[in-house]
Structure formats: structure tokens, C-alpha cells
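A short worksheet on the structure shown next.
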Ligand SMILES: [Zn+2]
């Protein structure tokens, strides 16, 4: 602790600002990039100034976020009250009216401070004790079914909340995990056999899956239309949330039957081929008995579909495991199979890395092949009890694996994209170069269609733009040639927007 902690707040603030000004050179030689780097170093131990800095910092994309995990419990309770729903005051399961014994109308619960607080705790990680060896896995995953009645029927409101929270975090791009056509897939799957021969089962399933595609596209259109109406995007000026780009990844529930998983993945691959979604992912607890029993089968399904759909993009939850959760035999292969068998384009979690016998070869492969990893620090702290040096974040970062920070389920975790960056900077001492790289990587690793703005993202701090946009002030008005490229490549356009925001942000510190 330094003497500055004993100073009144305004004097500490002044001291930090003077230090930052001295470090930025006060008009001497240097760049705005160096200025912001020095400023971050000067304020990194001041929580108030660090929070202000990170809050205003452009963050690119949050490409690992579950739509059902975005809303805070307060939102779910409000929507449940609007619907006249009930809630069990022991299990905190939201239930359809009429209220059975042991449950009350949600509106009554909201009106009672004690019950309201208990309901929020029951529907989120608020007040959940995390002191070692406690970890929140069971409570965390239990919340999803408790608000399931409401999350199934309020997707436009949830999407509006996702965009609003992203805009508040200065996050311009979201890839949200979602189950589209859940009912249609359920009805289809009831009639499907399972032989285990993937080529045979694919032929049996694909016609039925294709019959759901038009409805899947209509579902997205309806969802986005209603979300934009809720946000008031027709107003001038429109709220900032309307400028957040939102795309979807179809999820398959790995705790379900093989029929469900395979049909859901085929549906995602078909929707991806039509440009309606970006790709597929497997969700729900990786340590669920069914997920463990069929892990290899699920990887084989993805490898098969990659052959059928060469453009298929795969994001996978892999390595959300610890020795507390599963037997040792389960810890040694999930990440490597996701990379080497399923051929995932990117992963999320990766926490169990060092239980893999050849983890050094694995991270080298990920770095060489550009297989990215969404780092989910708050989720891992709450669900797995893994924090600080126990988390392999820096191992991936130092090995050159493309890493980015995601929120996973910010409503349940009661976190935000801003909080993820604050945690990363505080716990891992990240420099501005490293933070900026995380931000840029989030878009480079996104599944947004089209080519990148970068010729080679490589390992250098400042990547080189493609020829069409070379030699220009990135993020400012593009030349005609560059504009043509940006118009044809959504990913590059998102990156161009980010570069403009980064440039303006850095210039504040010069
Ligand atoms: Zn996740």
C-alpha cells in the first residue's frame, strides 16, 4: 500500500492525474498510443479511475454470450409479474398461474423486500458464497430452469437488454448463443431413430431439418423486428443500443439425446449455409453425465458436418472442468478433441488445459492454426472457483493463442463486459498493448462474414491493413477503394468501426 491511499479522494485523483500527465510526456515526443499505455499504468491500482477508463474503452465484440444469461434477475421477475406468473418461494422456480401451494404471484414477491431479495439470489449468483472450497456450479446451472418459463417467451425483451448493456459497455458487436426452432426440432426429434452411423442418420434427418429453415429465418426476423421496436430504433436519434450489431450462433444442448444434438447441429449448419446464423456450439454443463458419456460422439458429429458443410463455423465450450467436478480421466482430452477432432474455429473456457498431457503442443497448435479462446473470468470464478494464477489465461496469452474476453452469462453472474476487462487488468497486470489486442482479437475471431481488415493479424502490436485500405487513417472516412472493400466484407467493416473508436479513445490520453 502506498501513501496515496491515505489521501482524501480528490487529492488522490489529482495525484493520479498529475502522474499520468507526467508519464504521457505533456506534449513531448510520443504518440497517443504511448499516452494511453502510460495512463493505464499510472491508474491501474486506483479502482475508481480504472473503472472510468475501462467503462469508456471501446471493447469490440463480446462473442461468447448466452442470450438467456444476459438479463438480470430483476428483469426476469418484472416480465414474470407482467405475465401474471407465480414463483415457488422455496426453490425460486417461476411457474405458470394459478399459484400452487408454496408459491406466490411474482408481483407480490416484488412488493416484499425480503422475498424480492431472496428471489434475486435464487435466480442469480448474488450473495452466493464463494469462499474455497465452495464453487457455484450447481446453483449457477440451476438458475436457467428457474427462469425458463420467462426466458422462453421474452426473447425480444432479452435481446433489447443485451443491446442496451452492450452499448453501455462500449461493445459494438455481439454473437449470441440461442436455440432457434426449439419446438420444431423437438417435434421432429420425437420421430427420429438413432443408428450411430452418422452418414445414415444424416440422410434420415436432413429433410426434416430443412423443413424448419424458413421458420427459423422468420423467427430471427421477428425477434429482431420486435427488439428494435422495444428499443425505439425508429426515433431520431436512435438509442445507442440500435447501433450494436447482433448475430446468432445456434446452440445444441449436449445434455440431450444424440438425436437432439445431431439434429440441432444439422439445423445450425443448414442455417449457417443460408447466412441466417453464424455457426454452431454445444452448450449446458460439460460435466453432465450425458455430455461426458457422449463427448467423443459429439466431436465426431462436428467432424462429420465439417465435411458436409465446408464453410461451417464451430465454437465450442471445452475445458469448463476442474478436478472438483469430474473424475481425473475426464480432464485429459476435452480441449484437444475439440481442436483436433471437431476442428473448432474457436473455444470457450479452456480452464482444464494443464490436465491435458500434451498441453504445450496443444496451445502451440491453437496459436499456429489461429484457434481462438474466449476467456470467461467471472464465470470461471463463480462456477468453477478458478481465479488468478490457477486460471491458464496467461499461459494461452503468452503462447500466442488468440484470446478475447467474453461475459458468458452476465445477468446470472451480475457482471458486465466492463467488469471482465477490469478483472483481467487487475488480476493479470495487462498492459495497454495486451488489452488492445484482446479487443481487436474479439472481432478478428468473430464469425462475421467476409474478409478481415487485416492482411495479417500476426503477433505484432499493430497489424497491417489489407491493400485496399492501406495508408489511410483507420476508422476515418475511407477511400472509395477501401469503402468498396468494407461494403463487401462485414467483418472488415466492424473492424473499421472499432479502429475509429480506438483512435478517438487513445487521443483522449494525449
Ligand atoms: Zn458459455
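The values are calculated or read from the model by the stated rules, or taken from the named source; none is laboratory data. Just so you know, these numbers come straight off a predicted model, no measurement behind them. For neighbour counting, all protein chains shown are included, and Cβ atoms are generated from backbone atoms with ideal geometry for every residue, glycine included.
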(1) without any contact (Cβ under 8 Å) to a residue 24 or more places away in the chain; (2) assigned to a helix (DSSP H, G or I); (3) in the same structural domain as residue 245 (by TED's automatic domain parsing); (4) crowded, with 18+ Cβ neighbours inside 10 Å all hold for residue 430 apart from (2)
Exception for residue 217 within (1) in contact with a helix residue (DSSP H, G or I) (Cβ under 6 Å, 6 or more places away or on another chain); (2) under 30 Å from residue 243 (Cα atoms) falls at (1)
Taking the conditions exactly as written (within 16 Å of the ligand (Cβ to nearest atom), closer than 27 Å to residue 35 by Cβ, in contact with a strand residue (DSSP E or B) (Cβ under 7 Å, 6 or more places away or on another chain) and not assigned by TED's automatic domain parsing to the domain that holds residue 126), does residue 464 satisfy them or not? no
Here the residues within the stretch 322-349 that are within 16 Å of the ligand (Cβ to nearest atom) and on the phi > 0 side of the Ramachandran plot are 349
Picking from 370, 319, 307, the residue that is away from the ligand (no atom under 16 Å from the Cβ), modelled with pLDDT of 95 or more and under 23 Å from residue 264 (Cβ atoms) would be 307
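Kindly indicate whether residue 218 is without any contact (Cβ under 8 Å) to a residue 24 or more places away in the chain, under 17 Å from residue 153 (Cα atoms) and not in a loop (DSSP other than H, G, I, E, B). If you could, list the steps in order and put the result at the bottom.
Values: without any contact (Cβ under 8 Å) to a residue 24 or more places away in the chain: yes; under 17 Å from residue 153 (Cα atoms): yes; not in a loop (DSSP other than H, G, I, E, B): yes.
Against the criterion (without any contact (Cβ under 8 Å) to a residue 24 or more places away in the chain, under 17 Å from residue 153 (Cα atoms) and not in a loop (DSSP other than H, G, I, E, B)), residue 218 qualifies.
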Considering only the stretch 173-196, I want to know if a residue exists there that is at pLDDT 95 or above, within 16 Å of the ligand (Cβ to nearest atom), surrounded by 14 or more Cβ atoms within 10 Å (Cβ to Cβ) and within 18 Å of residue 414 (Cβ to Cβ).
no
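Do you know which residues across the stretch 223-240 are out of contact with any strand residue (DSSP E or B) (no Cβ under 9 Å at 6 or more places or on another chain) and assigned to a helix (DSSP H, G or I)?
From the stretch 223-240, those out of contact with any strand residue (DSSP E or B) (no Cβ under 9 Å at 6 or more places or on another chain) are 225-226, 228-240; that's our starting set.
Within the stretch 223-240, 225, 226, 228, 229, 230, 231, 240 qualify.
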From the option list 436, 354, single residue qualifying as buried (at least 22 other Cβ atoms within 10 Å of the Cβ) and in a helix (DSSP H, G or I) is 436
